[in-house]
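The values are calculated or read from the model by the stated rules, or taken from the named source; none is laboratory data. Just so it is clear, the structure is predicted and the values come from calculations on it, not from any experiment. As a convention, Cβ positions derive from the backbone with ideal geometry for all residues, glycine included, and neighbour counts pool all protein chains shown.
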Amino acid sequence: MLTVLAKKFWNWYEKHSQTNTIVAAGLFVLQLVHLYWLTTDVVFLKIFGQSSFFDAGHLVNVIIALIDYTEIPALISVSLVYIHSLKKHGNNSKDWLYLVFLNSQWFHIFWITDEIVVESFLTASWHPVLIWGAILIDYLELPVIVETVKRASRIIGSQKH
């Protein structure tokens, strides 16, 4: 039963892989908003000691929080892009590396949340190596975002011709 469902899913995915890649890239690009906040409000605070380089109002903070909730669908949809690529093209070390970078985010999401990072920086309640490690995990998304956007751009470019 499970194999039949998996086969149906992958058949559907293959049929709509271009659209799925474009949607996944769009969802993933939203994470740049979160990374901008992380850099300007958390990292720069720790490095430069300034209260904040990111002075957003309440509405902007709510929007950032909502965007942060798109991380889980982004991780799932982008993981499917790279799993599909591995299924279609065989073992590719780059696809495996991106899957590792991408799925290390689960560790970060469930282990150290952004709130813990901010609080720990302010109170020194966690070891700095753990906090910087959690932050660096967030930045592992960047090469995957770039590659996924490249894939989506190639698809969009090929559809115009």
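Observations
- Counted as qualifying within the stretch 42-92 are the helices (runs of 4 or more DSSP H) with 2 or more residues that are over 14 Å from the mean Cα position of the chain (by Cα), loosely packed, with under 13 Cβ neighbours inside 10 Å and at pLDDT below 80, namely 58-68.
- Residues located in the stretch 131-145, provided they are aliphatic (A, V, I, L, M), surrounded by 14 or more Cβ atoms within 10 Å (Cβ to Cβ) and without any contact (Cβ under 8 Å) to a residue 40 or more places away in the chain: I131, A134, I137, L140
- Here D95 clears all of (1) charged (D, E, K, R); (2) touching a residue at least 24 places away in the same chain (Cβ under 8 Å); (3) under 27 Å from G157 (Cβ atoms) except the condition numbered (2).
- Any hit, the stretch 20-35, residues being over 13 Å from the mean Cα position of the chain (by Cα), without any contact (Cβ under 8 Å) to a residue 24 or more places away in the chain and part of a helix (DSSP H, G or I): no
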